[in-house]
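Reviewing the structure listed below.
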Ligand code: GRF
């Protein structure tokens, strides 16, 4: 497809969400292409996934910077160099400065392993178990300066089983993250290409059912 939206992906670790987006973007009609993968962690496994898919990578180690804003500027410069139009945070474990977020207004997308607005911050799967909720899940949302807030793009629900611990619940939520992140990116990329949201939805078969999936 011509006119694909150029996307930069920021990672810190394993990169299963990155992999899900790589797989989706290999389809001819996917409206986005990954033009760079940036990791703050030099040993992130996700870097190998990008190399295997022939995607340019850049390591920007946050430990080499004294100030958060300086690290963020270095990231922004690389994203600009690659002509990125959208930025996906995929297991990126750094909080971004207001300066960075202002530079990319409504252009940054994040995946979070809870049904926002419940359970923000870290260890949210444990927070969900400790709170005794019966339904957990994950959320793809636009990034604003408030942490784990911002307009919601897609969510998937995951039941909490009586036998669950934080690890087992995290693993089932992650499978759903991998499912909805490419769908959410597809929605946003099509909108960025100028399609109205209503048209976007009809382009994905059974979009409503897929975005809220219970199993
Ligand atoms: C995911 O649960 C993501 O939501 C969280 O970090 C986990 C790792 O994701 N922030 P990935 O396998 O590196 O994509």
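The values are calculated or read from the model by the stated rules, or taken from the named source; none is laboratory data. These numbers were taken from a predicted model, which means no experiment stands behind them. All Cβ positions, even for glycine, are placed from backbone atoms using ideal geometry, and neighbour counts span all protein chains on display.
So that you can scan it fast, the table gives a plain yes or no per residue for (1) within 16 Å of the ligand (Cβ to nearest atom); (2) without any contact (Cβ under 8 Å) to a residue 60 or more places away in the chain:
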residue: 14; (1), (2): yes, no
residue: 17; (1), (2): yes, no
residue: 21; (1), (2): yes, no
residue: 32; (1), (2): no, no
residue: 46; (1), (2): yes, yes
residue: 70; (1), (2): no, yes
residue: 75; (1), (2): no, no
Search result, residues across segment 164-173 that are surrounded by 14 or more Cβ atoms within 10 Å (Cβ to Cβ) and within 12 Å of the ligand (Cβ to nearest atom): 166, 169, 170, 172, 173
Output yes when any residue across segment 94-106 is buried (at least 18 other Cβ atoms within 10 Å of the Cβ), away from the ligand (no atom under 12 Å from the Cβ) and part of a strand (DSSP E or B), and no when none is. no
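Could you identify the single residue in 114, 97 that is modelled with pLDDT of 95 or more and more than 27 Å from residue 60 (Cβ to Cβ)? Lay out the reasoning, then the answer.
Details: 97 fails: more than 27 Å from residue 60 (Cβ to Cβ).
It is 114.
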Mind checking which helices (runs of 4 or more DSSP H) fall wholly inside segment 147-215 and carry at least 2 residues that are modelled with pLDDT of 90 or more? 166-192
If you go through segment 82-92 one residue at a time, do you hit one that is touching a residue at least 40 places away in the same chain (Cβ under 8 Å), out of contact with any strand residue (DSSP E or B) (no Cβ under 7 Å at 6 or more places or on another chain), surrounded by 14 or more Cβ atoms within 10 Å (Cβ to Cβ) and closer than 30 Å to residue 172 by Cα? no
Need the failing condition index for residue 36 against (1) more than 13 Å from the ligand (Cβ to nearest atom); (2) part of a loop (DSSP other than H, G, I, E, B), just the number. (2)
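Restricting to segment 119-136, and then to whatever is touching a strand residue (DSSP E or B) at 6+ places or on another chain (Cβ under 9 Å) and away from the ligand (no atom under 11 Å from the Cβ), can you tell me which residue is farthest from residue 168 (Cα to Cα)? Explain how you work it out, then say what you get.
Keep residues of segment 119-136 that are touching a strand residue (DSSP E or B) at 6+ places or on another chain (Cβ under 9 Å), which gives 119-120, 124-125, 128-129, 134-136.
Add one more test, that the residue is away from the ligand (no atom under 11 Å from the Cβ), and what stays is 119-120, 128-129, 134-136.
Details: 119: 18, 120: 19, 128: 13, 129: 11, 134: 14, 135: 14, 136: 12 Å.
Looking at the filtered set, the residue picked out is 120.
Test of understanding: among 115, 161, which residue is under 24 Å from residue 16 (Cα atoms), over 14 Å from the mean Cα position of the chain (by Cα) and away from the ligand (no atom under 16 Å from the Cβ)? Don't jump to the end; show me each part of the working.
Working: 115 fails: away from the ligand (no atom under 16 Å from the Cβ).
Within the list 115, 161, the selection yields 161.
On the given criteria, is residue 84 in a strand (DSSP E or B) and under 21 Å from residue 187 (Cβ atoms)? Even if it seems obvious, please write down each step before you answer.
Values: in a strand (DSSP E or B): no; under 21 Å from residue 187 (Cβ atoms): yes.
Here the answer is no, as residue 84 does not meet what is asked.
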Which ones in segment 1-12 are closer than 21 Å to residue 75 by Cα, part of a loop (DSSP other than H, G, I, E, B) and more than 13 Å from the ligand (Cβ to nearest atom)? none
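Could you tell me which of the residues 195, 146 is closer than 25 Å to residue 71 by Cβ and free of Cβ contacts under 8 Å to residues at least 24 places away in the same chain? Before the answer, list the steps.
On the way: 195 fails: closer than 25 Å to residue 71 by Cβ.
146 is the lone residue from the list that is closer than 25 Å to residue 71 by Cβ and free of Cβ contacts under 8 Å to residues at least 24 places away in the same chain.
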